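Read-outs throughout are calculated quantities, based only on the coordinates presented, and are distinct from any laboratory measurement. Treat the numbers as computed from the prediction; the structure is a model and nothing was measured. We place every Cβ from the backbone using ideal geometry, glycine too, and count neighbours over all the protein chains shown.
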Amino acid sequence: MSDRILALVYAPETEALSYPPDCPFKTQRASATRRQLLNAGLLGAPHLCEVRPQPASRAQLERIHTPRYLDLLQRAARGELTAEGLHAGLGGPDTPVFRDLWDYACWACGAGLTAAELILQGRAHIAFNLHGGFHHAHPEHAGGFCYLNDVALACDFLAAAGRRVMALDLDAHHGDGVQAIFYQRSDVLTVSLHESGSTLYPGTGFEQELGEGPGFGYNVNVPLPAGTYDAAFLKAYQTIVPSLLEAFRPEVLVVELGMDILAGDPLTHLQMTNNVVLEIARHLRQTGLPLLVCGGGGYQFEPTVRGWALAWRTLAGEEGDDAWAFGLGGAMMSTLDWVGGWRDPERPVPDELRNRVEPELARTLETLRRIHPLLQARSAR
């Protein structure tokens with residue numbers, strides 16, 4: 001077990017808040033993950049603690065979002081959807097208007113700020129905000145189930161405190177809102193590994209999007225082919241992320257850990273198992289850097305919960321296989337569909353898929369090594 005302090009930033013108030021029943025985004029994933037950690041004895045010790053946040057204030061939100069947009073969100077939550085609100089992206093199939101819209105988004109942002117404060121104060125080395133991960137929200141526009149951008153807010157808060165921040169987005173969808181907010185800034189390096197915008201919402205996140213002005217070279221996108229599987233994803237990660245860590249030398253990592261990368265997710269086209277999550281969590285832990293881990297996508301409820309629980313366990317320094325889970329049987333995994341433990345079984349990779357994914361991924365990685373300033377500098381050494 002690690003001597004590092006892991007903090008789960010959790011707001012019980014969110015248990016009464018929800019997106020509409022027919023919406024694929026389920027806020028209850030955070031509470032279900034918390035229950036799994038409690039059942040497994042991985043929460044409640046001094047080094048595996050729980051911290052209660054406060055909702056973000058209007059003044060805090062205005063560091064990222066415009067007052068006009070915040071007014072529109074509050075009005076929409078009261079049932080007032082105006083033409084201006086529609087123009088700001090509200091009311092679409094992936095941006096429904098509902099009563100809890102404002103309150104939940106404020107709790108998610110407040111949890112992100114609390115997580116950042118824990119890291120700055122040295123009260124936690126790793127802080128989890130599974131309420132958050134709303135990386136599609138722009139300063140004046142909603143999108144992809146996202147209304148307020150807790151990821152960007154936490155990054156901005158850390159950067160304002162003088163920290164060099166690397167925002168590492170491992171969700172299946174490109175973090176377009178986070179990219180846009182920091183596109184002209186050099187104090188936050190934004191990195192996104194995601195399914196290519198050629199096949200998935202929001203249709204952005206290509207290699208040539210490098211940043212502008214002072215931010216040129218501080219934005220990195222690794223678009224992945226549809227069908228990307230464990231070994232291919234890990235190759236992309238291992239090729240790009242360690243090099244960026246060495247070149248940029250961040251002082252804190254903000255990681256979006258979306259579970260819509262997992263095979264079978266109804267909204268994406270990737271083919272990973274959560275063994276990828278374990279390997280990435282191991283690497284992140286080995287960096288020794290403070291980590292702020294956000295939630296994100298994940299539209300298969302039970303696999304998402306298992307993936308987040310596995311990440312927490314790994315970051316806590318619990319290694320080994322899942323043999324202990326077999327003995328607990330249905331008692332611990334009572335709400336989950338895979339009673340063999342939190343790790344997925346391996347998935348075979350058909351030759352046809354391998355032959356389609358590998359050449360496309362190789363072209364992407366070679367393009368990035370050729371055109372990206374931070375990767376060029378690393379290659380020249």
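By the beta-carbon count within 10 Å of each Cβ, the least crowded to most crowded order of His269, His65, fewest first, is His269, His65.
Under a Gaussian network description of the chain, with springs only between Cα atoms under 10 Å, the residue in Asn275, Asn355, Asn221 that fluctuates furthest is Asn355. Annotation: for a label point projected 7 angstrom from Cα along Cα→Cβ of Asp103, residues of region 65-84 with backbone N closer than 18 Å are 73-80.
When the chain is fully extended, how far beyond the present Cα-Cα distance does Thr82 get from Arg35, taking 0.36 nm per residue of separation?
13.0 nm
For region 45-62, list residues with backbone N below 16 Å from a point placed 7 Å from the Cα of Gln74 toward its Cβ? Taking a point 7 Å out along Cα→Cβ of Gln74, the residues of region 45-62 whose backbone N falls under 16 Å are 55-62. Footprinting exposure proxy ranking of Asp169, Asp187, fewest other C-beta atoms within 10 angstrom first, gives Asp187, Asp169. Karplus-based coupling profile of region 207-214, in residue order and whole Hz: 4, 6, 7, 10, x, 9, x, x, with θ = phi - 60° in 6.51 cos²θ - 1.76 cosθ + 1.60 and x standing for Gly or Pro. Proximity of backbone amide H atoms, modeled 1.01 Å from N, is registered between Phe128 and Ala7, Leu8, Val9, Val293 at under 5 Å, excluding neighbours fewer than 5 places apart on the same chain.
Checking understanding here: applying a Kyte-Doolittle mean of at least 0.5 and a length along the axis of at least 20 Å (C-alpha), which whole DSSP H helices in the chain pass?
Values: long enough: 101-120 (29 Å, 1.10); 230-248 (26 Å, 0.74); 301-315 (22 Å, 0.03); 351-371 (30 Å, -0.99).
Correct list, ordered by number: 101-120, 230-248.
The label point for Glu352 and the one for His269, both projected 7 Å from the Cα toward the Cβ, are 1.5 nm apart.
Evaluate E = 1/(1 + (r/R0)^6) for Gln376 and Thr199, where r is the Cβ-Cβ distance and R0 equals 30 Å; express this FRET efficiency to the nearest 0.05. Show your work: numbers first, answer last.
Details: r = 28 Å, r/R0 = 0.93.
The formula returns an efficiency of 0.60 here.
When the chain is treated as a Gaussian network with alpha carbon springs shorter than 10 Å, the biggest mean-square fluctuation among His283, His173, His136 belongs to His283.
GNM on the chain, alpha-carbon springs under 10 angstrom: the most fluctuating residue among Ala76, Ala167, Ala116 is Ala76. Here region 153-219 is treated as a Stokes sphere of Kirkwood radius computed over C-alpha pairs; at 20 °C and 1.002 mPa s its diffusion coefficient rounds to 178 µm²/s.
When region 6-379 is described by a simple charge dipole with +1 on each Lys and Arg Cβ and -1 on each Asp and Glu Cβ, the residue from Pro303, Val255, Gly288 located farthest towards its positive end is Gly288. Placing dummy labels 7 Å off each Cα toward the beta-carbon, the span from Gln121 to Arg52 is 1.5 nm. Considering only Val188, His173, Tyr104, and ranking their Cα positions along the charge dipole of the chain that arises from unit charges at the beta-carbon of Lys, Arg, Asp and Glu, the one farthest toward the positive end is Val188.
Let's see if you can work this out: charge +1 on each Lys and Arg Cβ, -1 on each Asp and Glu Cβ, no other charges. What is the dipole magnitude of region 102-256 about its Cα centre, in debye to the nearest 20? Can you show the working numbers first?
Values: 6 positive and 17 negative charges, 79 e Å.
Roughly 380 debye, rounded to the nearest 20.
Here P(r) over Cα pairs in 20 Å bins from 0, in percent was computed from the coordinates, and among [x] 30, 61, 9; [y] 21, 46, 30, 3, 0; [z] 28, 58, 13, 0 the match is [x]. Evaluated with a Cβ-only charge set (Lys, Arg +1; Asp, Glu -1), the chain carries a dipole of roughly 800 debye about its Cα centre, given to the nearest 20. A cut-off of 5 Å between modelled amide H atoms, ignoring neighbours fewer than 5 places along the same chain, links Met272 with Ala263.
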